[in-house]
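Enquirer: The structure follows.
The values are calculated or read from the model by the stated rules, or taken from the named source; none is laboratory data. Fair warning: this is a prediction, and the values are worked out from it, not measured in the lab. Methodologically, a virtual Cβ is constructed for each residue, glycine included, from the backbone with ideal geometry; neighbour enumeration extends over all protein chains shown. For accessibility, only protein heavy atoms count, side chains too; no ligands or nucleic acids. Shrake-Rupley method; radii C 1.70, N 1.55, O 1.52, S 1.80 Å.
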Amino acid sequence: MKQILILILSSTISVTMNAQTLQGNHWTAKRVEGAYTVSIEDRASILDALTDFITSQKIQAGQVTGIGATNEATLRFFDPSSKKYVDKTFNEQMEISNLSGNISEAEGKLLLHLHITLGRKDYTALAGHLLDAKIRGAGEFFVYPINSKVVKVRNEDVGLYFYDFAHQ
């Protein structure tokens, strides 16, 4: 029993020693084993905070997931016939039941491509491309960087950015 306890304690100390705590503009984070756990402050913009985070950590590519709550979210829906996004803002308390997306580069700039599913008070859901949302409550995210550069280029026929593997 004593050996098991020592093994558990040494494992906990090892993980704790390998964790790095970080702080930025409206976020705090902890890095463990190459991934990041990111907390976004109440009333902060998800897009601004995550952009500040990935810029400060020099993350060029990766995956983002998250949950939390918001009371103001602007979603986008792509209309292929016009090749334009249609935006709609929702001002009500909602649960962020899922946020998922990726980090890449387009036209020489960092690009966060995020989608979100929001749960309403009546248990219906909204979903779409996330233009931005303000945290109202908690904002808990994981960022999984990859050690590579991922470039997207605009496909004029479709009106969207696609991965360009020839230039990576």
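Enquirer: Considering only the stretch 112-125, I want to know if a residue exists there that is touching a Ser or Thr at 6+ places or on another chain (Cβ under 7 Å), surrounded by fewer than 14 Cβ atoms within 10 Å (Cβ to Cβ) and closer than 12 Å to residue 75 by Cβ.
Expert: yes
Enquirer: Which residues, taken from the stretch 35-57, are touching a Pro at 6+ places or on another chain (Cβ under 9 Å) and under 26 Å from residue 108 (Cβ atoms)?
Expert: Passing the criteria: 36, 54, 57.
Enquirer: Within the stretch 1-22, take every residue that is surrounded by 10 or more Cβ atoms within 10 Å (Cβ to Cβ) and closer than 16 Å to residue 54 by Cα and give me the one that is modelled with the highest pLDDT.
Expert: So, considering only residues that are surrounded by 10 or more Cβ atoms within 10 Å (Cβ to Cβ) and closer than 16 Å to residue 54 by Cα, the one modelled with the highest pLDDT is 22.
Enquirer: Next up: Considering only residues that are surrounded by fewer than 18 Cβ atoms within 10 Å (Cβ to Cβ) and within 15 Å of the chain's Cα centre (by Cα), which ones fall in the stretch 80-104?
Expert: Scanning the stretch 80-104 gives 97, 98, 100.
Enquirer: Look at the stretch 137-168 and say how many of its residues are among the aromatic types (Phe, Trp, Tyr) and free of Cβ contacts under 8 Å to residues at least 12 places away in the same chain.
Expert: Counting residues in the stretch 137-168 that are among the aromatic types (Phe, Trp, Tyr) and free of Cβ contacts under 8 Å to residues at least 12 places away in the same chain gives 2.
Enquirer: What are the residues in the stretch 30-60 that are touching a residue at least 24 places away in the same chain (Cβ under 8 Å), among the hydrophobic types (A, V, I, L, M, F, W, C) and open to solvent by 40 Å² or more (accessible area, probe 1.4 Å), if any?
Expert: Of everything in the stretch 30-60, just one residue is touching a residue at least 24 places away in the same chain (Cβ under 8 Å), among the hydrophobic types (A, V, I, L, M, F, W, C) and open to solvent by 40 Å² or more (accessible area, probe 1.4 Å), namely 47.
Enquirer: Using the structure shown, decide if residue 134 is touching a residue at least 40 places away in the same chain (Cβ under 8 Å), part of a strand (DSSP E or B) and open to solvent by 40 Å² or more (accessible area, probe 1.4 Å).
Expert: For residue 134, the condition - touching a residue at least 40 places away in the same chain (Cβ under 8 Å), part of a strand (DSSP E or B) and open to solvent by 40 Å² or more (accessible area, probe 1.4 Å) - is met.
Enquirer: Okay, moving on. Answer yes or no as to whether residue 26 is open to solvent by less than 80 Å² (accessible area, probe 1.4 Å), at pLDDT 95 or above and either more than 14 Å from the chain's Cα centre (by Cα) or not charged (D, E, K, R) (or both).
Expert: The answer is no for residue 26.
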